[in-house]
Every structure is written in C-alpha cells, then in structure tokens.
Amino acid sequence: MSCAIGDIIFICRRDKKIVFLIKKISDLYNHGTFRLSKQKKFIMVRKPGGPRKRFVKYDEPETPKTWRLNQYIAQSGLCSRRKADEYIREGRIKLNDQVVTNLGVIVKSGDRIKVDDKPIVPEKNVYILMNKPKDVITTLNDPEGRKTVLDILGEAATERIFPVGRLDRNTTGLLLLTNDGDLAQKLSHPSAQVSKIYEITLDRPVLVQDLNKLRAGFTLEDGFIKPDAVEYNLEKGKNTLGIIIHSGKNRIVRRMLESLNYKVKKLDRTEYAGLTKKDVPRGKWRHLKKIEVINLKHFINTRTQSSER
C-alpha cells in the first residue's frame with residue numbers, strides 16, 4: 001500500500017507516542033501509533049488489537065509546483081520578498097521574456113524568470129540549528145567587524161540563509177537559520193506562540209516572593225508579560241532559574257529579571273520550538289533532519305490554523 005504525496009503530515013518523537021495525521025492511512029488504522037522504519041523509507045503502523053506491525057511505503061512530499069513571484073525570487077537567494085516586490089514594481093522582472101509588474105503573479109515549474117535580464121532559479125531550502133556562543137552577533141554582517149553567526153558557518157552554507165529571530169550578543173544557545181522565508185515568518189509571528197526554554201544564572205539567589213511574581217506575571221513598559229512556567233534549578237542553586245516562555249519581545253527574559261533588581265550573569269536558550277541542544281556543542285551547528293523540518297512545519301501550520309478560527 002502506498003501513501004499518495006500530500007497525504008502525510010506527521011509528528012515524530014523518539015521514545016514517545018507518535019501521532020500521524022495521514023488522511024488515508026488514519027482512516028484504515030483508526031489513528032494507531034506510527035513510526036518510521038530504520039531505513040526511513042517505510043512507516044511502521046501498529047494498532048492495539050490489530051496486526052503487530054505493517055509497513056506502508058512512504059513517498060516524500062514533492063516541492064510545490066507553483067510559487068508567488070516574490071517567493072520564487074527570494075528563494076533564489078537574490079533578495080528578500082520585500083525587496084523582490086520592489087524589483088517587480090520597477091519592471092526589472094521578466095517572466096518568460098515578458099516584463100511583469102503585477103505582484104500577484106504565480107510562477108509554475110518550467111517558467112523562466114529573469115532579474116535585470118539575468119536568469120535565476122530557486123535555492124534548495126536549508127535548515128541549520130546552531131548553539132550560539134557568547135560574543136557572537138545574530139546578524140548577517142556587522143559594520144563594527146564583530147563575529148557573526150555566519151562567520152561560524154564559514155563557507156559551509158552557500159545559500160542565502162538568515163537567523164529566525166535573534167539572540168543578544170551575550171545570550172547563548174539555540175538559534176535556527178534558514179532560507180525558508182515562509183517558515184521563518186510564521187515562526188516569528190506572535191500567533192505561532194513558539195515555546196522557548198531558557199536557563200538563567202543570576203547574581204544572587206531568587207527570593208520566593210520574586211519567583212511568585214514571575215509566575216503570576218506583571219507589567220513592563222511594553223505591556224503585560226507572564227511566562228508559561230518558572231522554576232528553580234535546584235541542581236545548580238536558587239540563583240539559577242529555568243523559564244518557559246513564548247513571547248518574542250526584545251530582551252524579554254533579561255528585562256523581567258532586571259525589573260526585579262536581579263542582574264543576569266548568564267542566559268542560555270536550551271530549547272526552541274521543540275528543538276534541543278542535544279548533539280550540538282557550544283559554537284557548533286548541524287542541519288535539521290527531514291523529520292525535524294516536517295515537525296516544525298506541522299507545528300506551525302497547526303498553530304496558524306488555530307489562530308485563524
């Protein structure tokens with residue numbers, strides 16, 4: 001039995017229950033527990049009370065066959081979508097040798113796109129997870145000549161990638177970099193409510209009443225803020241906290257603690273959108289696995305759909 005392309009949307013967690021939302025397969029197996037075979041070419045289907053295991057061929061989803069014109073240009077690595085819109089308005093874009101000024105044009109596979117009479121093709125999407133060290137800037141370049149996240153990658157990434165969100169120069173931990181503008185935009189949007197976990201080391205032990213204030217939430221200069229959870233890290237002492245938060249406001253964790261008269265000595269992002277630092281030492285990076293990319297896209301699409309209801 002084969003799965004048709006586009007039928008598969010799934011989440012995979014090692015050593016945990018795996019839920020697949022697969023239209024045809026879920027109808028047959030009534031939302032049983034699924035996982036990929038070791039070869040990652042088949043889905044192993046296991047249903048309580050049914051056959052112990054059954055393998056179903058897994059066809060990897062194809063790249064979409066249509067793009068918005070600005071998306072196509074941005075995916076070529078030439079510029080951002082916003083800049084692509086400017087090029088279109090200025091009449092610098094040709095579609096099949098015809099000048100295009102309409103922003104809503106759809107590009108199909110096989111179409112020929114030129115910018116200033118030079119042909120372009122989309123880049124393959126790249127997803128990189130980095131464990132950012134201290135004193136590194138989360139920008140593509142720095143006029144002051146300070147080390148950036150792209151300096152860590154060196155020549156390993158030839159595509160036009162950019163960081164999703166940002167970490168302060170003195171903040172360490174997980175940072176996602178990609179050239180997938182759609183995913184980056186969705187992850188950065190407040191409606192996505194992307195969960196982030198931080199470990200914070202402070203200049204002194206946190207008082208219980210201050211911990212309770214953090215848990216209850218309070219108002220800063222840009223509005224009310226409340227973490228999803230805050231706890232002592234008892235293995236390291238009461239001057240170290242673990243905090244889960246989905247707000248993307250600038251320097252929000254530092255500002256929360258500073259408002260309570262604590263000085264943040266270390267701030268480390270240990271988890272981002274379900275991705276962890278496992279197998280990524282400080283100052284190193286790795287490409288996301290295919291299953292991790294699928295998980296991210298499923299997560300963000302689910303959140304987007306929920307916010308639209």
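Below, the figures for the structure above:
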{"read-out": "Three-way shape call for the stretch 66-119 based on the alpha-carbon gyration tensor, with the a/c threshold at 1.5", "value": "rounded"}
{"read-out": "Separation between Cα centres of the stretch 173-218 and the stretch 265-284, rounded to whole Å", "value": "12 Å"}
{"read-out": "Three-way shape label, the stretch 204-252, alpha-carbon gyration tensor, a/c 1.5", "value": "prolate"}
{"read-out": "Karplus 3J(HN,Hα) series, Hz, for the stretch 141-147 with 6.51 cos²θ - 1.76 cosθ + 1.60 (x for Gly, Pro)", "value": "7, 10, x, 8, x, 6, 5"}
{"read-out": "Ordering of 163-171, 279-287 by packing [mean C-beta count within 10 Å, highest first]", "value": "163-171, 279-287"}
{"read-out": "Charge context of V208, other residues only, Cβ under 15 angstrom, K/R +1, D/E -1", "value": "+2"}
{"read-out": "Exposure proxy order (Cβ contacts within 10 Å, fewest to most) of S76, S259", "value": "S259, S76"}
{"read-out": "Gain in span if fully extended, A216 to N239, counting 0.36 nm per residue against the direct Cα distance", "value": "6.4 nm"}
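All of the numbers you see were taken from the coordinates with simple rules; none came from a lab. In this text, all values refer to a predicted model and were calculated from it rather than measured experimentally. Glycine gets a Cβ as well: all are built from the backbone with ideal geometry, and neighbour counts include every protein chain shown.
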